[in-house]
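J.: My structure is below; once you've seen it, I'll send some questions.
The values are calculated or read from the model by the stated rules, or taken from the named source; none is laboratory data. Note that the structure is predicted; figures quoted are calculated from it, not measured. Using ideal geometry, Cβ is built from the backbone for each residue, glycine included, and neighbour counts are taken over all protein chains shown.
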Amino acid sequence: MTPATASPALSSPSLSPATPDKRLRIIDRTMRLHGYASHALIETLHAVQEAFGYLEPDLMRYVAGRLKVPLSRVYAVATFYHFFTLKPPGEHTCVLCKGTACYISGTAEIFRKVEEMLGIHAGETTADGKISLMTARCLGACGLAPAGVFDGTVVGNLTLDTVVNKLQAWRSHDADHRESAGDRENRNRCR
Amino acid sequence: MSPPTTKTRIATIWLDGCSGCHMSLLDIDARLAAVAGSIDLVFSPLVDTRTYPQNVDVCFIEGAASSGEDVEKLHLIRRNTRQVVAFGDCAVTGNVPGMRNRFALREVLTRSYLENATHQPRIPDRDIPHLFERVRPVHAFIDVEMFLPGCPPAADAIFEVLSALLEGRPPDLAGRARFG
Amino acid sequence: MTLTIENLQEIAKTETDAVESYRYRINVCMAAGCLSCRSDVVKASLEEEIRRQGKEKACLVRGVGCLGLCAVGPLIDISPLNVTYQAVQPSDAPEIIGSLTGAPVSRLLLPADQPFFSRQKKIVLENCGIIEPERIESYIAAGGYEALYQALRQMSPRQVIDEVTASGLRGRGGAGFPTGLKWTTVYKARQAVKYVVCNADEGDPGAFMDRSVLESDPHRVIEGMAIAGYAVGASRGYIYVRAEYPLAVERLRRAIKQAKRLGVLGENIFNTPFAFDIQLRLGAGAFVCGEETALIASIEGRLGRPRPRPPFPAEFGLWGCPTLINNVETLANIAPIVRRGGGWFAGIGTEKSKGTKVFALAGKINNTGLIEVPMGTTLREIVFDIGGGIPAGRRFKAVQTGGPSGGCVPEQFLDMPVDYDSLREVGAIMGSGGMIVMDDGACMVDVAKFFMEFCMSESCGKCAPCRVGTTQLFGILERITAGDGSIEDIDTLKELCDLVGATSLCGLGQTAPNPVKSTLRYFENEYTAHVRRHHCEAGVCAMGKAREATT
Amino acid sequence: MTPTAPIAQKPRTDVNPVRIYTLRIDGRDVSGREDETILTVARQNGIFIPTLCHLDGLAERGACRLCIVEIQGSPKLFAACVTLVKQDMDVITDSARIRDYRRKILELIFSERNHVCAVCVVNGNCELQDLAVKLGMTHVRYDYLNPPQSVDASHPRFSLDHNRCVLCLRCIRVCKDIEGASTWDISGRGIHARIISDLNQPWGESETCTGCGKCVQVCPTGALSEKGKSVAEMTKRPQFLPYLQMMRKEAEI
C-alpha cells in the first residue's frame, strides 16, 4: 500500500520522483488543480482515500508537505470528518444507514445482530480482513428504509435475513475471488 | 432539638476513604474542647458505638460509596439524620477511590489481588460486601445538605462548618475550602 | 463565442423537436432511490426490448430525475400516454413495450388519480422526473437559463433583489431567514470580492430533498447561484455537497462542465460583463458543517468548527469576504421567481411563509417519497391524503420535523397548517423538510435518545455545554431506556436541556435539546412510565436490567 | 488586569476614525473602543467575569462559555470575550441566572475528564480549581464520565495528562500563533476530541516541537506540566504572552 517514496521530509516537498504508483499521481493532480493551496486539504484527502481506500500516515505526511499544512492539522482534519478513515477497509464493505427513517424502521435491531454475527463494532473490520462494517448518518434513501450500501450498491427495504445472507455470501466466498478494480473504485466512492 | 439532650447529636462515618478527613477533624485541636460541651458524638470511628442511632442532628460522611454496604449505610444515615455533610473530596467527588472508575472492576481486582499478589493470589469473594463497578460520591445516592471539599478539608474549614451548624447559620467557607 | 438568447431558444427548439419526434417517450427514474432498485437495468432492458421489437424510431427512453414516489420504485412514466408504472422489473420490458399501442399493463399501473400526485404543487420540483438531469439541453428545453438571461440583460442587481424580497422567500435550510434580506446585506457590503455558497450538505437524518433536486435538476441550482452572484456582486461560487451523495456529486460535476462549455458560466455571460464560476467542494461527514461558519471553515480546508457570530458571513465569510450562503432548495426557487415575478410567488402559501415547501416523507407512512406542497397545507393532508396514511393499520402517533434540531408534533396538531411559525409554536421547526412519521410502535423516549446520540456524535467539541451536555443528556436517556432511570433524571434532563440550549456556541448546540424538549412536552407520561414502572408501552426499550447501585 | 495600551497606528483616512463608545456594565458607566470586547472593558474597570479558554495575548475562541453575560433587551446570552462593545449597551455580568449557568457549565467540565485535584501536579495552582471556588461550585451533580484517558510522558522535559485537559485549546493557539510551530492540534470531535501532537505521535517523538514550553505555561490545568517539579513549584507563567505580542508589534513598526 505504502508508496516507495514514503515519508518525504516536510521541508522538501519536491521529494516525489516519478513513482510507478498511478494512485499517487491522482493525488498530485488534485493538489496541482488547486495550486497546492492549503485550503485544498480536504479535497486532497478525499483523493487519497479514493485512491488508497484510507488515509495512510505516510500519505498524510506527504500531503502535509506538499500543501504546507502542519502535520497536526492534517491529522485533525482527517479525524474530525467521519467520512475519512485511517484504517484500511476490508475486502467487502457493509454500510448500514442509521438515519431517522431507517432507525424507526428497525435498523438498530439489524445492526445489533450484524455486530454480533461478525464480532465487530461499527468502523471495524473482521480479523480476516473480509468485511468492514460501517454506519452512515443518512444515505438520503429514506423512502427505502431501512437502507444500506453493500460494496457500493445501495440496497433498500433491508431485512435481517437479506443482510445476513449477503454477509454470509461474502464470508463463504472462496479466497481466489478477486474483485475487479472497478468494484473497488465503486466501493470507495460510495463509502 | 431532640428531647433526651439539648446537645447537638453528631455522627461521623468513614466509607471508602483514607481516614485523612477524620485526622483533619482532630487537627481542630484545642478549639474542639471549646465546642465539646455543646455536642454529643453519638456515632463515629472515634467512639465505641456499633449501631447508627436514631435522631442524629448532623452526620459527617467521609469517603465515597463503593459497595452495597456503603449504600445501605447511607440510606440508614439519611433516614436517621437531619443534616448530612459530605465530608472531604472522596465523599464529594469520589476522588482517589474513584480513580478506579476508568478501569473495569475486574481489571482492578486482577491487578491488585492476582498480578501484584506476593502470597496466595486470589480475588476475595466470600463474606465481603459487593463492590460496585463504579465508585460514586455520596450525593449520587442520598440528599446531602452540605458539601465540604478538600483532601482533606482544612481543620479551619471543618471548624467553621461545625460552629456554623451549632449556631444555626450558613457556614462561610470562602477562602477556607477547595477541592484537593 | 458568447451565448445569446437566440442560441438558447434554438437549443430548446432542437431538443423539443428531437424529443417530440418520437411517438412514445418513456421516462425512467434514475435518481438514487429508484437506482437502488436497479432502475438502470430496467432502462437498459427497455432499450434492448425496443431494439428487439424494432421500435427505435417510435420510442425514446430517457433517464430522468426523481418521480417522487420512492416507495414503489423503480418508476417509469410514459408520455403522451400519461401512464405511470410502479415497481417495474427488467423482465417487464417486453410487456410494457408491447402494450404501448394497446391497453396499459394493468398489474404495474399506478392509479392516475393518486392524491399523491394531484395534491402537490411543484415549483422546485417542476422539472424533476421530466427532464434529463445529465443533459443541459433538456433543462434549456424546459425554459432553463432564461431567468439568468432575463436577470443579466433586463434587470439591475437591485431589481433582482427586489423581486426576491417581494417573493417573501425564506431560507429553506431550516431557520427561515428572509432570503431577500440576506441578499441585500451581501449586496451592500463594499468589498470587491464576494462569494456565493450553496449549502448542499444535507445532514439531517431523514431528509433527502436536496439530494433529489441535485440528482434530478442540477442546472436549476447552478442557475439560481449565477443569478444570486449577479445580484450580490459575486463572481465565484462554491457548492458544498455531501460526499455521501456520489450520484449528486457526479451530476453536479457534469452540469457545471456543461454550463461552462455552453457559456452560462464563465466570462461575459450572455454578452454582459458578468462573470461567474462555480467550484464543487465535498463535505466529509460532519453535520455541524451545515452551520454557516463551520461550512466556511470546511471550504477553506479547515476543521468544521463554528465560530461566534457576529461577524456574520454576509460581512465576513469565505476568506474574510462577504459571502452569501443559501441552501439548495432556496436557490432552486430563484429562477422561477425571476421568471414569473416575486408577486406570483408571494401569492402562494401563507401570510408569513410564502411559496411551496418540499418535504421528504419517510418512516411509517405508505407513500414514502418526495412531495412539494404550498406552505400552509395541513399535516393531516400531508400525512393522510398525500402520504396515504399509516401502513398496517397502526395508529398515527407523531411526526418528527426538522431533524435533530426539530421536534415531534403529536396527533392533536394534525390540522395545523405547516409553516415556519406554526411549527415553531408547537416546539418543532420547519428544518430542511424531513418528515418522519411515527406510529404507535415508536417509543418517544427512544426517539429522543436517537436524536441525542446524533447530536452528541456530531457535536464538534468546541464549546463545553454542547460537548459535555449532549453526552450527559444521552447518558441519562440511555439509563431511562434501560429501565434504570429515576424520577430525578427527568428533572436533570429538563435542566440540562435549558442549559445546553441557552449557553451553547452555535445553532447545533442551541437546538440539540429540542427533540428531548418536545417529547417531554407531549409525551412526558412515557418518560415517567419508563422510570416509575419500568415500562415501555411501545415495547421498544429493553427494560429490566437491575440498577446495580441501588442494591 | 492591565489595560491594553493603545498601539501606535499609521493614521488612516479611508475609514472613519476609531470610535469610542459609552456603555453600562453592571450599572456602571464605562467607555470602550469599538474593537474592544465586553471582557476587556469589564476587566479594565475591575469587574470580574470568569474565563477559562480566554488568555490575554491569545486569539479568542468563545468556547468555554463561562464568560456569558446578559445584554439588556436580548433574551440571548453573549460570550463576553468575543462580543464587541456597542454604544449604550447595558451589560449584566452577574445575575442569578448567569451564576447558575456558569456553575453548571463548570460542573460539566469537571464531569468530563478525571479531575482528581488531590493527586494532580498543579493542585493549588490550577485555574479550574480556582474557578470552582470562585463560582461556588461545591460538587458536581452530573455523572462523572470517567473516560479512560492516557498520560504522555515521552517528552524529556514535559508531560501531557489527558485526564486533566479541559480542551481550552490554549496550547494549540500559542503553538500556532506565537511559537509558529503548530505542533498541537485536536483529533476527533465532540466528547472524543483530544489534543494531539503532529500525526498523533508521542510528544517526545514530535518532529515539529521546539521544546519552547509555551504550551505548558499557558495550560490552565495540570494537563501540561514540567517534569521534575514538585506540586508546590508547579506555577504557570502565562504573563509572557502580552509582552511577546507587544514586542512583536513594536518590531513591526
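J.: Sort out which residues of the stretch D:199-253 are touching a Phe, Trp or Tyr at 6+ places or on another chain (Cβ under 8 Å) and hydroxyl-bearing (S, T, Y), and write them in order of number.
T.: Once the filter is applied, which keeps residues that are touching a Phe, Trp or Tyr at 6+ places or on another chain (Cβ under 8 Å) and hydroxyl-bearing (S, T, Y), the stretch D:199-253 yields only D:S225.
J.: Quickly run through the stretch C:383-418 and pick out the residues that are on the phi > 0 side of the Ramachandran plot and crowded, with 24+ Cβ neighbours inside 10 Å. Show your work before the answer.
T.: Within the stretch C:383-418, the subset on the phi > 0 side of the Ramachandran plot is C:388-389, C:392-393, C:402-403.
Scanning the stretch C:383-418 gives C:G402, C:G403.
J.: Quick one: in the stretch A:70-97, of everything that is facing another protein chain (nearest Cβ under 7 Å) and part of a loop (DSSP other than H, G, I, E, B), which residue is farthest from C:A207 (Cα to Cα)?
T.: A:P70
To keep it simple, each residue is scored yes or no on (1) surrounded by 20 or more Cβ atoms within 10 Å (Cβ to Cβ); (2) modelled with pLDDT of 95 or more; (3) charged (D, E, K, R).
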residue	(1), (2), (3)
C:G129	yes, no, no
C:Y145	yes, yes, no
C:R170	yes, yes, yes
C:W183	yes, yes, no
C:G203	yes, no, no
C:G206	yes, no, no
C:E223	yes, yes, yes
C:G229	yes, yes, no
C:Y238	yes, yes, no
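J.: List, please: which pairs have Cβ atoms under 7 Å, are six or more places apart or on different chains, and start with a residue in the stretch D:188-215 that is closer than 24 Å to D:N146 by Cβ and end with one that is polar (S, T, N, Q) and part of a helix (DSSP H, G or I)?
T.: The qualifying pairs are D:G188/A:T79; D:G190/C:S457; D:I191/C:T471; D:I196/A:S72.
J.: So, one more: Hey, among D:C117, D:C171, D:C175, which residue is surrounded by 22 or more Cβ atoms within 10 Å (Cβ to Cβ) and within 14 Å of chain B (Cβ to nearest Cβ)?
T.: Details: D:C171 fails: within 14 Å of chain B (Cβ to nearest Cβ); D:C175 fails: within 14 Å of chain B (Cβ to nearest Cβ).
After applying the criteria, what remains is D:C117.
J.: Out of everything in the stretch D:193-217 that is among the small types (G, A, S) and surrounded by 20 or more Cβ atoms within 10 Å (Cβ to Cβ), what residue ends up being nearest to D:R157 (Cα to Cα)?
T.: So the first thing to find is which residues in the stretch D:193-217 are among the small types (G, A, S), and the list is D:193, D:197, D:204, D:206, D:211, D:213.
From the residues that got through so far, the ones that are surrounded by 20 or more Cβ atoms within 10 Å (Cβ to Cβ) too are D:193, D:197, D:206.
Values: D:A193: 25, D:S197: 15, D:S206: 13 Å.
Out of the qualifying residues, it is D:S206.
J.: Restricting to the stretch C:504-528, count the residues that are more than 30 Å from C:L295 (Cα to Cα) and crowded, with 19+ Cβ neighbours inside 10 Å. Before you say what the answer is, go through the steps one by one.
T.: Within the stretch C:504-528, the first condition is being more than 30 Å from C:L295 (Cα to Cα), and the residues that meet it are C:520-528.
Remaining after also requiring crowded, with 19+ Cβ neighbours inside 10 Å: C:520, C:522-523, C:526-527.
Matching residues across the stretch C:504-528 total 5.
J.: How many residues does the stretch D:19-34 contain that are under 14 Å from D:Q72 (Cβ atoms) and surrounded by 14 or more Cβ atoms within 10 Å (Cβ to Cβ)?
T.: 4
J.: Based on what the data block shows, is D:P238 buried (at least 18 other Cβ atoms within 10 Å of the Cβ), at pLDDT 95 or above, out of contact with any strand residue (DSSP E or B) (no Cβ under 7 Å at 6 or more places or on another chain) and not in a helix (DSSP H, G or I)?
T.: Working: buried (at least 18 other Cβ atoms within 10 Å of the Cβ): yes; at pLDDT 95 or above: no; out of contact with any strand residue (DSSP E or B) (no Cβ under 7 Å at 6 or more places or on another chain): yes; not in a helix (DSSP H, G or I): yes.
No.
J.: Another question, then. Could you list, in sequence order, all residues of the stretch D:25-48 that are more than 14 Å from chain C (Cβ to nearest Cβ), part of a loop (DSSP other than H, G, I, E, B) and touching a residue at least 24 places away in the same chain (Cβ under 8 Å)? First the steps, then the outcome.
T.: If we filter the stretch D:25-48 for residues that are more than 14 Å from chain C (Cβ to nearest Cβ), which is where we start, we get D:25-33, D:36, D:40-48.
In the following step, the residues that additionally are part of a loop (DSSP other than H, G, I, E, B) were identified as D:26-27, D:36, D:45-48.
Within the stretch D:25-48, D:D26, D:E36, D:I47, D:F48 meet the criteria.
J.: Another question, if that's okay. Just the residues that are out of contact with any Gly (no Cβ under 7 Å at 6 or more places or on another chain), closer than 30 Å to A:G152 by Cα and outside any loop (DSSP other than H, G, I, E, B), please, taken from the stretch C:1-49.
T.: Within the stretch C:1-49, C:I26, C:L35, C:D40, C:V41, C:V42, C:A44, C:S45, C:L46, C:E47, C:E48, C:E49 qualify.
J.: Here is a list: D:I178, D:I172. Which entry is on the phi < 0 side of the Ramachandran plot, within 20 Å of the chain's Cα centre (by Cα) and modelled with pLDDT under 95?
T.: On the way: D:I172 fails: modelled with pLDDT under 95.
Of the residues listed, the single one that is on the phi < 0 side of the Ramachandran plot, within 20 Å of the chain's Cα centre (by Cα) and modelled with pLDDT under 95 is D:I178.
J.: Quick check on my filter: what residues within the stretch B:158-176 are surrounded by fewer than 23 Cβ atoms within 10 Å (Cβ to Cβ) and free of Cβ contacts under 8 Å to residues at least 60 places away in the same chain?
T.: B:E160, B:A164, B:E167, B:G168, B:R169, B:P170, B:P171, B:D172, B:A174, B:G175, B:R176
J.: Of all residues in the stretch D:150-169 being farther than 30 Å from C:F454 by Cα and hydrophobic (A, V, I, L, M, F, W, C), which is nearest to the chain's Cα centre (by Cα)?
T.: Start the filter on the stretch D:150-169 by keeping residues that are farther than 30 Å from C:F454 by Cα, which leaves D:152-160.
Okay, now just the ones that are also hydrophobic (A, V, I, L, M, F, W, C), so D:153, D:158, D:160.
Values: D:A153: 24, D:F158: 20, D:L160: 18 Å.
Across the stretch D:150-169, the extreme among qualifying residues is D:L160.
J.: Output the helices (runs of 4 or more DSSP H) that fall wholly within the stretch C:269-382 and possess 3 or more residues being at pLDDT 95 or above and crowded, with 24+ Cβ neighbours inside 10 Å, or say none.
T.: On the way: elements: C:292-299, C:328-332, C:334-340, C:342-346.
Answer list for the stretch C:269-382: C:292-299, C:328-332, C:334-340.
J.: Within the stretch B:120-157, can you find the residues that are among the basic types (K, R) and outside any loop (DSSP other than H, G, I, E, B)? Spell out the reasoning first.
T.: First, pick out the residues of the stretch B:120-157 that are among the basic types (K, R): B:122, B:126, B:134, B:136.
Matches in the stretch B:120-157: B:R134, B:R136.
J.: For residues in the stretch D:148-159 being of a type outside the set (A, V, I, L, M) and out of contact with any helix residue (DSSP H, G or I) (no Cβ under 7 Å at 6 or more places or on another chain), which is nearest to the other protein chains (Cβ to nearest Cβ)? I'd like the intermediate steps shown before the answer.
T.: Narrowing the stretch D:148-159 to residues of a type outside the set (A, V, I, L, M): D:148-150, D:152, D:154-159.
This time we only want the ones that are out of contact with any helix residue (DSSP H, G or I) (no Cβ under 7 Å at 6 or more places or on another chain), so: D:157, D:159.
On the way: D:R157: 19, D:S159: 18 Å.
Restricting to residues being of a type outside the set (A, V, I, L, M) and out of contact with any helix residue (DSSP H, G or I) (no Cβ under 7 Å at 6 or more places or on another chain), the top hit is D:S159.
J.: Report, ordered by the first and then the second residue, all pairs with beta carbons closer than 7 Å, sequence separation of six or more or different chains, a first member in the stretch B:116-134 that is in contact (Cβ under 8 Å) with a residue 24 or more places away in the chain, and a second member that is in a strand (DSSP E or B).
T.: Once the first residue is in contact (Cβ under 8 Å) with a residue 24 or more places away in the chain and sits in the stretch B:116-134, its partners that are in a strand (DSSP E or B) give B:P129/B:S67; B:H130/B:S67; B:L131/B:S66; B:L131/B:S67; B:F132/B:S66; B:F132/B:S67.
J.: Filter the stretch D:212-244 down to the residues that are small (G, A, S) and within 13 Å of D:V174 (Cα to Cα) and list them by number.
T.: Within the stretch D:212-244, just D:G213 meets the criteria.
J.: Okay, next question. Limited to the stretch D:178-208, what total is found for residues that are more than 7 Å from chain A (Cβ to nearest Cβ) and of a type in the set (A, V, I, L, M, F, W, C)?
T.: 6
J.: Related question: What's the number of the condition A:Y36 fails, among (1) in a loop (DSSP other than H, G, I, E, B); (2) on the phi < 0 side of the Ramachandran plot; (3) modelled with pLDDT of 95 or more?
T.: Unmet for A:Y36, out of (1) in a loop (DSSP other than H, G, I, E, B); (2) on the phi < 0 side of the Ramachandran plot; (3) modelled with pLDDT of 95 or more: (2).
J.: Still on this model: Go through C:E56, C:E49, C:E10, C:E20 for me and flag whichever is away from chain A (no Cβ under 14 Å), of a type in the set (D, E, K, R) and crowded, with 20+ Cβ neighbours inside 10 Å. Show your work before the answer.
T.: Values: C:E56 fails: crowded, with 20+ Cβ neighbours inside 10 Å; C:E10 fails: crowded, with 20+ Cβ neighbours inside 10 Å; C:E20 fails: crowded, with 20+ Cβ neighbours inside 10 Å.
Only one candidate passes the filter, namely C:E49.
J.: Which of the residues that make up the stretch A:52-65 are within 13 Å of chain C (Cβ to nearest Cβ), closer than 17 Å to A:H39 by Cβ and not small (G, A, S)? It would help to see each step written out before you state the result.
T.: The initial filter retains those residues of the stretch A:52-65 that are within 13 Å of chain C (Cβ to nearest Cβ), namely A:55, A:63-64.
Remaining after also requiring closer than 17 Å to A:H39 by Cβ: A:63-64.
The one that is within 13 Å of chain C (Cβ to nearest Cβ), closer than 17 Å to A:H39 by Cβ and not small (G, A, S): A:V63.
J.: Here is a further query. Here is a list: B:A164, B:A117, B:A177. Which entry is of a type in the set (G, A, S), assigned to a helix (DSSP H, G or I) and either more than 10 Å from every other protein chain (Cβ to nearest Cβ) or more than 15 Å from the chain's Cα centre (by Cα) (or both)? Give the steps one after another, and end with the answer.
T.: On the way: B:A117 fails: assigned to a helix (DSSP H, G or I); B:A177 fails: assigned to a helix (DSSP H, G or I).
After ruling out the rest, the residue left standing is B:A164.
J.: Same structure, new question: As an exercise: evaluate D:E112 against (1) facing another protein chain (nearest Cβ under 9 Å); (2) in contact (Cβ under 8 Å) with a residue 12 or more places away in the chain; (3) farther than 25 Å from D:V216 by Cβ and give the number of the one condition it does not meet.
T.: Of (1) facing another protein chain (nearest Cβ under 9 Å); (2) in contact (Cβ under 8 Å) with a residue 12 or more places away in the chain; (3) farther than 25 Å from D:V216 by Cβ, only one is false for D:E112: (3).
J.: Now for a different question. With respect to the numbered conditions (1) among the acidic types (D, E); (2) surrounded by 15 or more Cβ atoms within 10 Å (Cβ to Cβ); (3) farther than 30 Å from C:F454 by Cα, which one is the sole condition not fulfilled by D:D185?
T.: Condition not satisfied by D:D185: (3).
J.: Can I ask one more? Cβ-Cβ distance below 8 Å, separation of 6 or more or different chains: which pairs start in the stretch C:48-76 with a residue that is at positive phi and end on one that is outside any loop (DSSP other than H, G, I, E, B) and surrounded by 24 or more Cβ atoms within 10 Å (Cβ to Cβ)?
T.: These pairs meet every condition: C:G68/C:G369; C:G68/C:L370; C:G68/C:I371.
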